[in-house]
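The values are calculated or read from the model by the stated rules, or taken from the named source; none is laboratory data. Nothing here was measured: the structure is a model prediction, and the numbers come from that model. Don't worry about glycine lacking a Cβ; one is built from the backbone with ideal geometry, like all the others, and counts go over all protein chains shown. What goes into the accessible areas is simple: the full protein's heavy atoms, side chains included, and nothing from ligands, DNA or RNA. Shrake-Rupley method; radii C 1.70, N 1.55, O 1.52, S 1.80 Å.
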Amino acid sequence: MKIGKVLKLEIYGESHAPKIGMRLEGFPAGLKIDFDALKAFMERRAPGRDEFSTPRREPDEPQFIAGVKDGVTTGETIEAVIVNTNTRSGDYEKTIPRPGHADYPNWVKYGKIPAGGGSNSGRMTAPMCVAGALALQALAERGVSVSSKILFTGDILAAKAEGDSVGGVIECEITGLPVGLGGSMFDGIDGAIAEAVFGIPGVKGIEFGNGFKAASLKGSENNDAFKIKDGKVVTETNRHGGVLGGMTSGMPLVFRVALKPTPSIYKSQKSVDLEKMEPAELIVRGRHDPCIALRARPVIEALAAFAAYDAILCEASPVEFRLFDPSEFKNIIVDSNVASLYPAIAEKAIFTIPSGEENKTVETVVKIWAAFAKAGLGRKDTVTAVGGGVTGDLVGFAAATWMRGIDWVNVPTTLLSAVDASTGGKTGCDLPEGKNLAENPGR
């Protein structure tokens with residue numbers, strides 16, 4: 001599963017697999033990574049660092065295998081892996097689910113209880129922190145900062161001494177965001193943050209500003225009065241937590257996250273043996289945090305940074321523009337005029353469109369579809385249109401209607417096509433009854 005719109009994050013692996021990792025699409029080129037800052041950030045989450053965390057000790061040193069060259073992001077998908085070096089899969093029961101864990105749903109859905117929680121484990125938050133650390137560094141260049149603090153935990157040491165655990169509440173604050181990031185309803189920045197934060201195992205609740213407290217207040221008690229300060233509109237208080245109607249207000253964006261007690265405890269608990277279908281007593285073995293909230297702080301900061309940076313990138317440009325080398329062009333469809341000028345491109349083309357508005361027809365689209373079929377294009381392939389407005393319109397329309405839509409890159413060769421079809425507008429073809437009557441409206 002991926003989250004994000006322009007910036008897309010995928011986490012993969014399992015707690016006791018040889019490695020875990022992340023893929024981060026859409027990250028702009030040109031960020032010079034501060035590896036010392038990255039290491040320090042990862043250390044905050046890493047296990048085995050103090051008496052409050054699990055004794056499992058992992059170095060948590062990410063290895064970048066794509067998207068970074070000489071310490072600088074390239075604009076391609078960034079991939080980083082973390083090797084698991086200290087696993088003990090034998091500590092875990094194979095047929096008795098741990099209360100409070102995802103063991104039972106995993107058994108029903110996948111037919112087994114994965115060691116250490118598998119992909120549901122808190123171990124999977126390590127690659128989240130790699131992605132978040134990059135987002136934090138990119139945000140810092142824009143004057144945006146993310147910080148967090150523990151608001152509450154139970155008595156951790158007392159719970160640990162009893163073989164038990166406690167939960168906690170973390171408050172996170174993002175400062176420096178411009179006004180208007182996000183959108184209404186499902187495009188809200190608070191919704192994006194909530195989606196990301198709920199990917200952290202153990203999170204059971206999130207609130208922004210006054211949150212649940214607002215339900216017991218009057219409007220006059222919950223509203224924030226506006227005023228002018230240093231020539232800017234601000235609010236006298238920040239009960240709304242920096243979010244109004246899903247959009248940033250310019251005030252600090254403040255939210256709180258509730259984390260449950262670590263479900264793996266060393267007290268005897270009632271469970272069942274799923275293979276024998278009979279009651280069972282369970283004493284969890286393995287190495288576990290007495291309070292997961294402590295090491296969750298950098299993870300929450302990481303995902304908040306990811307969501308905020310994604311919102312900024314969405315606002316910055318709905319269309320990606322970058323220089324292409326012709327050798328990168330895939331599945332080229334070229335205009336006949338361009339083909340005569342650039343034979344090297346024509347030689348790689350899977351179809352050549354006769355130039356001229358008179359060829360902007362359904363019949364030409366059918367020929368393009370046939371070229372797609374002959375080239376074996378599937379839903380994950382990309383087609384490249386090289387030519388003027390007619391070429392861009394036809395290829396864009398054909399791509400949008402091939403196998404429910406495939407990606408396409410427009411390489412406009414005229415000023416009009418650069419201003420028109422290449423900016424994400426309509427694509428289509430003419431009919432005998434009129435111009436552009438068969439049309440895909442685009443954005």
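Helix 362-375: angle to the longest alpha-carbon principal axis of the chain, degrees 0 to 90, nearest 10? Roughly 60 degrees, rounded to the nearest 10. Within a straight-line Cα-Cα reach of under 30 Å, Lys94 can be paired with the following lysines, leaving aside sequence neighbours fewer than 8 residues apart in one chain: Lys2, Lys19, Lys109, Lys112, Lys160, Lys204, Lys260, Lys267, Lys270, Lys276.
Amide H contacts of Ile353: Val334, Asp335, Ser336, each under 5 Å away and 5 or more positions distant or on a separate chain (H built 1.01 Å from N in the peptide plane; Pro and chain starts excluded). Put a plus charge on the Cβ of each Lys and Arg, a minus charge on the Cβ of each Asp and Glu, and nothing anywhere else: the dipole of region 78-229 about its Cα centre is then about 140 debye.
Report note on the peptides 181-192, 248-259, 128-139: ranked by the mean count of other C-beta atoms within 10 Å, highest first, their order is 128-139, 248-259, 181-192. Between the labelled values (i) 48, 29, 21; (ii) 48, 32, 26; (iii) 41, 26, 18, the entry that holds semi-axes √(5λ) of the Cα gyration tensor in Å as derived from this structure is (i).
In summary, the convex hull built on the alpha carbon positions of region 257-302 has an orientation-averaged projected area of 4.6 nm². Ranking Glu301, Glu195, Glu10 from most to least accessible surface, computed with a 1.4 Å probe over the protein chains only, gives Glu195, Glu10, Glu301. The residues of the chain present an accessible area of 50 Å² per residue when probed at 1.4 Å with all protein chains retained. Every helix of 4 or more DSSP H residues in the chain counts as -39500 (n - 2.57), and over all residues that averages to -8000 deg cm²/dmol at 222 nm.
About its Cα centre, the chain has a charge dipole of approximately 1000 debye under the convention of +1 per Lys or Arg Cβ and -1 per Asp or Glu Cβ, with nothing else charged.
Simple rule: put +1 on each Lys or Arg Cβ and -1 on each Asp or Glu Cβ in the chain, find the dipole, and look at Val144, Ala311, Pro279; the Cα lying farthest toward the positive end is Pro279. Projecting the Cα atoms of Phe372, Ala133, Val6 onto the dipole axis of the chain, where Lys and Arg carry +1 and Asp and Glu carry -1 at the beta carbon, places Ala133 farthest toward the positive end.
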